[in-house]
Amino acid sequence: MNRLAIYVLALGVFLTATSELVVSGILRIIAGDLHISIALAGQLITAYSLSFAIGTPVFVSLTSRMERKKVLLGSLAIFILGSILSTASSTIVLLMISRIILGISAGVYLVVTFGTVAKLVPADKLGGAISIIVLGFSSAMILGVPVGIIISSWLNWRAIFLILSLLSLLIAYIIYRHLPQIDGDAPVSFRQQFKVLGSVVIVSGLFLTFLKESGNSIFFTYLTSYLQDILHLKTSNISVMMLAFGIVGAVGSRLSGYGVDRWGAARMITASMVAHVLVLAILPTATGSLVFEIVLLSLMVMAMFTSGPAIQTYFIQQAPLSSNLVLSLNTSIIHLGLASGAGAGGVMLDATSTLRYHPWLASTIVALGLAAAAVSFTMRFTAPRADRSSKRDFFIQKEGHR
């Protein structure tokens with residue numbers, strides 16, 4: 001039953017992630033329908049990201065002691081309302097409000113799902129379970145966005161959000177009927193929870209996330225243009241290539257889960273980030289061989305997606321009693337890193353007028369993230385006795401759920 005519950009939760013992540021990602025593919029359609037500029041329509045993405053980054057830690061902390069099924073159902077209910085509001089939006093103001101609602105509810109659902117999974121599976125299976133949830137998000141990149149674009153051209157863009165609301169209602173019903181009762185976090189005061197932010201292990205881990213995602217975004221934001229301008233791929237081939245990269249990423253997510261359970265989160269993070277740094281460093285020099293560059297890009301995508309589940313698992317293991325808070329902050333930092341990297345990539349493009357050397361800047365930033373990871377991994381062996389006791393208490397409490 002636990003495995004079925006995990007897949008159902010992952011389907012919910014797929015739906016909520018689709019609501020985030022699909023807008024970038026239909027910006028022109030939305031702008032034309034609402035008679036606004038594409039620049040203004042682009043602020044729908046900004047509104048979602050900011051509400052996700054700011055609202056998620058607040059609401060996750062406020063609901064940390066509540067029974068997990070109730071929080072999941074509550075966040076899905078608000079997500080459904082936000083989707084319905086998107087469907088009914090006839091002005092940019094209403095649509096912007098709906099994006100704020102969707103950003104917060106999707107963020108809470110994602111973080112609570114990670115915490116719920118941690119209580120559903122044994123400690124030695126945590127990596128594999130987390131990778132399934134991450135697979136739900138990466139599947140939205142592979143299927144959610146293309147399908148959303150097809151629906152918008154077949155029907156209209158509002159139909160996407162109506163379908164998301166109906167499918168989310170189905171997921172909510174399955175969760176209500178079949179997910180077991182799972183207690184909220186132990187009664188730990190807000191002051192105690194936020195003390196974890198004084199831990200070098202956690203803070204350096206959060207820097208790892210910020211630098212990794214910034215490095216990813218510096219290059220990945222402009223990947224389509226890189227394929228066109230540097231590799232000279234035809235537009236018709238780029239969609240196929242992006243689909244192939246998505247599949248590679250999904251495989252990487254699942255392999256990460258197996259690797260974490262077998263070799264540990266720290267080793268998987270280290271291996272994937274070393275590979276990521278090296279591939280990015282080699283890319284600008286790999287001129288003249290299209291096949292070699294595509295292989296390198298595939299390895300880069302594999303490394304990106306392999307590190308994701310490992311980092312989430314690492315945070316759960318290092319701060320079990322504050323995992324919801326840490327995971328929510330981590331998701332916020334992911335969005336901040338993506339925004340920072342995209343901005344830095346844009347500045348570099350303006351300065352150099354080429355995307356050829358973006359991988360070198362990205363490699364440097366990801367290497368700094370690897371250094372932050374090394375600090376976190378080193379300091380975890382000297383964690384205070386109280387932190388180690390908290391981990392022991394968490395796993396004792398976890399066994400009580402079984």
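One line per residue, one yes/no per condition, for (1) in a helix (DSSP H, G or I); (2) within 22 Å of the chain's Cα centre (by Cα); (3) among the hydroxyl-bearing types (Ser, Thr, Tyr):
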position	(1), (2), (3)
327	yes, yes, no
331	yes, yes, yes
334	yes, yes, no
355	no, no, no
360	yes, no, no
363	yes, yes, yes
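For the range 141-171, the set of residues classified as under 30 Å from residue 314 (Cβ atoms) and modelled with pLDDT of 80 or more consists of 168, 171, listed by residue number. For the range 116-131, what are the residues that are over 23 Å from residue 63 (Cβ atoms) and in a helix (DSSP H, G or I)? Residues satisfying the conditions are 123, 124, 125, 127, 128, 131.
If you check 288, 343 for being out of contact with any strand residue (DSSP E or B) (no Cβ under 6 Å at 6 or more places or on another chain), without any contact (Cβ under 8 Å) to a residue 60 or more places away in the chain, in the same structural domain as residue 212 (by TED's automatic domain parsing) and outside any helix (DSSP H, G or I), only one passes: 288. You will find that of 208, 243, 233, the residue that is of a type outside the set (Asp, Glu) and under 22 Å from residue 364 (Cβ atoms) is 208 and no other. Whenever a residue of the range 362-377 is closer than 16 Å to residue 275 by Cβ, its partners that are of a type in the set (S, T, N, Q), lying with C-beta atoms within less than 6 angstrom and at least six residues away or across chains, give the pairs 365/214.
Residues considered: 83, 75, 49. Of these, the only one that is without any contact (Cβ under 8 Å) to a residue 60 or more places away in the chain, surrounded by 15 or more Cβ atoms within 10 Å (Cβ to Cβ), in the same structural domain as residue 96 (by TED's automatic domain parsing) and assigned to a helix (DSSP H, G or I) is 75. Can you tell me which residue is nearest to the chain's Cα centre (by Cα) among those in the range 283-325 that are of a type in the set (Gly, Ala, Ser) and under 24 Å from residue 138 (Cβ atoms)? Only one residue fits best here, namely 308.
Within the option set 95, 143, being surrounded by fewer than 21 Cβ atoms within 10 Å (Cβ to Cβ), in a helix (DSSP H, G or I) and not basic (Lys, Arg) holds for one residue only, 143. Pick from the range 78-109 the residues that are aliphatic (A, V, I, L, M) and in contact with a Gly (Cβ under 9 Å, 6 or more places away or on another chain): which of them is nearest to residue 17 (Cα to Cα)? Among those that are aliphatic (A, V, I, L, M) and in contact with a Gly (Cβ under 9 Å, 6 or more places away or on another chain), it is 106.
Could you say whether any residue in the range 70-85 is touching a Leu at 6+ places or on another chain (Cβ under 9 Å), modelled with pLDDT under 90 and not basic (Lys, Arg)? Scanning the range 70-85 turns up no residue that is touching a Leu at 6+ places or on another chain (Cβ under 9 Å), modelled with pLDDT under 90 and not basic (Lys, Arg).
Of the candidates 272, 253, 289, the single residue that is modelled with pLDDT under 85 and buried (at least 19 other Cβ atoms within 10 Å of the Cβ) is 253.
Kindly check whether there is at least one residue in the range 13-21 that is at pLDDT below 85 and either closer than 21 Å to residue 56 by Cα or not assigned by TED's automatic domain parsing to the domain that holds residue 83 (or both).
Yes, the range 13-21 contains at least one residue that is at pLDDT below 85 and either closer than 21 Å to residue 56 by Cα or not assigned by TED's automatic domain parsing to the domain that holds residue 83 (or both).
Of all residues being assigned to a helix (DSSP H, G or I) and basic (Lys, Arg) in the range 365-402, which is modelled with the highest pLDDT? Just the residue, please. So the residue we want is 380. Number of residues in the range 34-43 that are touching a helix residue (DSSP H, G or I) at 6+ places or on another chain (Cβ under 7 Å) and modelled with pLDDT of 80 or more equals 2.
The values are calculated or read from the model by the stated rules, or taken from the named source; none is laboratory data. These figures come from a predicted structure and were not determined experimentally. Because the Cβ atoms are built from the backbone with ideal geometry, glycine has one as well, and the counts that use them run over all protein chains shown.
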